[in-house]
């Protein structure tokens, strides 16, 4: 999970609930695990949308300067560089 705020929120929410269910602590662990996975999926989806948006913006900006396949190539290379992080 990349978001420290989301992690802290989940811990803040789940920690007080755990003592309410002393007979099944694994239930709280399972719920926390599911919530963490949901956050990770949301983060991944957000990154994908931002990359798509960045690609579109770079391509549109370059179309005013370059012709042919060059704007597409520049946008593709930009996204490739982002993926290398």
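Screening residue 31 with (1) in contact with a helix residue (DSSP H, G or I) (Cβ under 8 Å, 6 or more places away or on another chain); (2) at pLDDT 95 or above gives one miss only, at (2).
Within the option set 12, 59, being surrounded by 12 or more Cβ atoms within 10 Å (Cβ to Cβ) and modelled with pLDDT of 80 or more holds for one residue only, 59.
Of note, residue 54 does not satisfy the criterion of being over 19 Å from the mean Cα position of the chain (by Cα), surrounded by 13 or more Cβ atoms within 10 Å (Cβ to Cβ) and modelled with pLDDT of 90 or more. What are the pairs with Cβ atoms under 7 angstrom where one residue, in the range 19-46, is within 13 Å of residue 2 (Cβ to Cβ) and the other, located anywhere, is surrounded by 12 or more Cβ atoms within 10 Å (Cβ to Cβ) and at pLDDT 75 or above? Sequence gap at least six, or different chains. Cβ pairs passing all conditions: 36/1; 36/10; 39/1; 39/3; 39/6; 40/1; 43/3.
The values are calculated or read from the model by the stated rules, or taken from the named source; none is laboratory data. Computed from a prediction, not measured in an experiment: that's the story for all the values here. Every residue, glycine among them, receives a Cβ derived from its backbone with ideal geometry; neighbour counts consider all protein chains shown.
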